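Structure first, commentary second.
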Amino acid sequence: MQIILATNAGFCFGVKRAVQSVYEHLNSSKTIYTLGPIIHNPQVVSDLEQKGVIVEECLDNIEDGTVIIRSHGIGKLAYDELRNKEVEIIDATCPFVKRIHQIVEEHYTEGYDIIIIGEREHPEVKGINGWCNGAAYILNSCDDVDKLSHIDKACVVAQTTITHEKLNNILSRLKPIVSDLKVFDTICHTTSKRQNETKELAKKVDIMLVIGGHNSSNTKKLYSICKNYCKKTFAIETAKEINNKLIRSGDIIGITAGASTPDWIIKEVIDKMDQINNQNSQENTVSMEDFEKTMVSLRNGQIVKGVVLSVNTQEAIVNIGYKADGIISADEVFLEQNQTLEDIIKVGQEIEVEVIKINDGEGNVLLSCKSIQQQKVWNDIQRGYEAGVEFRGKCTQSVKGGVIASINGIRTFVPASQLSTKYVEDLNTFVGKELRLKIIELDKRRNRLVASQRIILEAEEEAKRQSVWDSLKEGEKITGTVKSITDFGVFVDIGGIDGLIHISDLSWGHVKHPSEVLSENQQVEVIVLSFDKAKGRISLGYKQTLPQPWGNADNKYPVGSIVEGKVVRITSFGAFVELEPGVDGLVHISQISNKRINKVEDALKVGDVIDAKVLDVKPEDHKLSLSIKEAKGDNNIQPSKHDDNSSSKYKKEEMKVSLGEFFPEH
Ligand code: F3S
């Protein structure tokens, strides 16, 4: 356990003077009166009472003897009344309070309204009010100011023990309603010094003990200051009130005391603490000055580490090991859109901060995280850039030639050409979206960062393509999407790479144009016929996924059966007749008619639909012999049909051709 005693703990100059004057008169033969308790400390008052001092609130009860006026002072009427009595007056009013009496009396006489900032029922305030005939406005909060109407001229004084914060807050509300405002800062420097010191001490310790009378205004104020910075703050009047269970052996204990706490009570408290710790008081008690020697020294621009003590949306308080804590305002932290200080700074967190001002005028150290954050972010980005790491960045706006994205708060330009693998029509479609980015240009000195999303997308597509290549197997059936159709075949996307179905592999039958079989964007199953990764070529087959028409041709077209077919090709030795897509039979010129025919074209033309008799079928050789003349059973060719539609569905009625057209002599 370590005990740190505040330098200004205990009796102030004014209180010491008043208490001493009572003790000095104890041997007097006269009765000693104090007007009210000499100080707000029951132990001291009780000790004096035991020594014969009478505490008297009412002047009517005093007729003779010695009357000691306490440091709080009294009003002018009370003075006059005392003077009219047969009593000895010992005026122990604190000189600082006396000065306030003079200011008030003078200005009241000059016609100023008097405003006292302080607690209405505090004896010091009551005494001050007694120097302007009890006519002062007494304001203890900003709300009290709101009850006032316009004042022409006013003189403001403050109770000696209030805080400057309170004084300034009330003054800022007063200024608009008072035309001529004369302000006297009468806060006792001893008080503000004690309060500031207490505040700093409370920030650094585990436990704060505030010693003083429970009815002491300045002790209460010290307690409330400490409570803001040290959760384990306890107000005690004497050592008896210390709760042993709340103190651990490793704790740092801060001790302060109100202005009316005598040294012997403070000593008792320290002794009690030592008893608790079973250690020697001297070894463990250090003065505030000694404690400060252990603190770090600071200079502007210095980077230091600290631990966050508290944080709200406006500021964070950081213990940096200095005698005063540091403040990081929200402006000094790099926040992304919609982020608050509380989102990125947490209580208990150790952070690095830059000292931007050692003293802001109120004893606070001003700190900044901005440059450190930016430096860190730039370092991270630099490392990521060198390692080729992918970043995420929200696109915040479109600009000429590209968009702006934020990578960890750093403004990053993404050129339009680097946004996608495809042409980007409208850049605004990216705004508000998260982009996947790789840094392609970094210039920290000029704060310039350029990134690309396209690189990532291209790499992914390439990886996907490689995976498709690696998985290709000849003869395997795969699914693809028709990407484009040309005269010689169809290109099919099979997962980032294209394969070609040659026109000859589209159908078992005759195909004039690939678009007769497939259409764009159609999903198709294809067979991988062959591929050459080095040349980037893949041959696909579509017809190979369909039934082989010659497979059961001998069953479908038995010898002797009469079949219908369409003339698809004419040669010098006969005509090829398609019975179904992929199955053509040959009608030899000798099998066209019993009549002599010089040229096949004299009897048939491409597109004619004819009946023929199957003479022979050899499926394994893809050969089938047909005879028109045997199908008719006579010497004449009967009227046939003609189909000039390329589909395999013959339109018999429409395509009829008269015998006379072929043989005009008939
Ligand atoms: Fe006087 Fe200041 Fe003490 S006004 S009584 S010295 S707190």
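The values are calculated or read from the model by the stated rules, or taken from the named source; none is laboratory data. Note that this is a predicted model, so its numbers are computed, not measured. Note that we place each Cβ from the backbone using ideal geometry, even for glycine, and neighbour counts take in every protein chain shown. SASA here: full protein model, heavy atoms, side chains in, ligands and nucleic acids out. Shrake-Rupley method; radii C 1.70, N 1.55, O 1.52, S 1.80 Å.
Remarks
- Across the accessible surface of the range 378-467, with the other protein chains kept in place and a 1.4 Å probe, carbon and sulfur atoms take up 46 percent.
- Helix-only CD estimate at 222 nm, as mean residue ellipticity for the chain, using -39500 (n - 2.57) per DSSP H run (n ≥ 4): -7500 deg cm²/dmol
- Degrees separating the helix 13-24 axis from the principal Cα axis of the chain, which is the longest one: 30
- Carbon and sulfur %, accessible surface of the range 480-630 computed with the full protein complex present, 1.4 Å: 48
- Heavy-atom surface of the chain, accessible at 1.4 Å and reported per residue (Å²): 51
- Assigned charges on the beta-carbon of Lys, Arg, Asp, Glu; the range 403-545 dipole about Cα centre (debye): 760
- The relative contact order of the range 540-609 comes to 29 percent, based on Cα pairs under 8 Å that sit 6 or more residues apart.
- A Cβ-based charge dipole, computed about the Cα centre of the chain with Lys and Arg at +1 and Asp and Glu at -1, lands at about 1420 debye.
- D by Stokes-Einstein for the range 122-198, Kirkwood Rh over Cα pairs, 37 °C, 0.692 mPa s: 247 µm²/s.
- Shape summary of the range 317-459, radius of gyration then Dmax from alpha carbon positions: 18.5, 61 Å.
- For the residue pairs Lys483/Lys512; Lys433/Lys477; Lys543/Lys623; Lys85/Lys126, the alpha carbons lie more than 31 Å apart in Lys433/Lys477.
- Computed about its Cα centre, the charge dipole of the range 55-180 is approximately 560 debye, with only Lys, Arg, Asp and Glu carrying charge at their Cβ.
- Dipole of the range 11-95 [Lys/Arg +1, Asp/Glu -1 at C-beta], most positive-end residue of Tyr23, Phe11, Asn84: Phe11
- Once backbone amide H atoms are built at 1.01 Å from N, Asp91 has Ile69 as its partners under 5 Å, excluding neighbours fewer than 5 places away on the same chain.
- With every protein chain in place, the range 43-171: carbon and sulfur % of accessible area (1.4 Å): 44
- The residue list Gly432, Ala416, Tyr33 was ranked by how far each Cα lies along the charge dipole of the chain toward its positive end, using unit charges on Cβ atoms, and Ala416 comes out on top.
- Shape category assigned to the chain from the gyration tensor of Cα positions, a/c cut at 1.5: prolate
- Residue (of Asn338, His502, Ala631) at the positive-pole extreme of the chain, dipole from beta-carbon charges: Ala631
- More than 27 angstrom apart: percent of Cα pairs within the range 1-133: 25
- Anisotropy class of the range 426-466 from Cα gyration tensor, a/c 1.5 cut: oblate
- Ratio of the Cα radius of gyration of the range 85-139 to 2.2 N^0.38 Å, where N counts its residues: 1.19
- Checked against a 27 Å cut-off, the cross-linked pairs Lys267/Lys346; Lys98/Lys166; Lys232/Lys357; Lys166/Lys199; Lys370/Lys444 give Cα-Cα distances beyond that limit for Lys267/Lys346; Lys232/Lys357.
- Computed from the C-beta positions of Arg99 and Lys240 and an R0 of 45 Å, the FRET efficiency is 0.75 to the nearest 0.05.
- The angle separating the long axis of helix 263-277 from the principal Cα axis of greatest extent in the chain is about 50 degrees.
- For the pair the range 209-229 and the range 502-558, the centres of their Cα atoms are 95 angstrom apart.
- The chain: angle of helix 189-204 to the longest principal axis, Cα-based, in degrees nearest 10: 40
- Highest-first arrangement of 77-90, 306-319, where packing means the average Cβ count within 10 Å: 306-319, 77-90
- Per-peptide average of other Cβ atoms within 10 Å, ordering 623-632, 482-491, 531-540 highest first: 623-632, 482-491, 531-540
- Cα gyration tensor category, rounded, prolate or oblate, for the range 535-610 with a/c compared to 1.5: oblate
- Counting only aspartates and glutamates at least 8 places from Lys566 when in the same chain, those with an alpha carbon closer than 12 Å to its own are Glu578, Glu580, Asp584, Asp608, Asp611, Asp643, Asp644.
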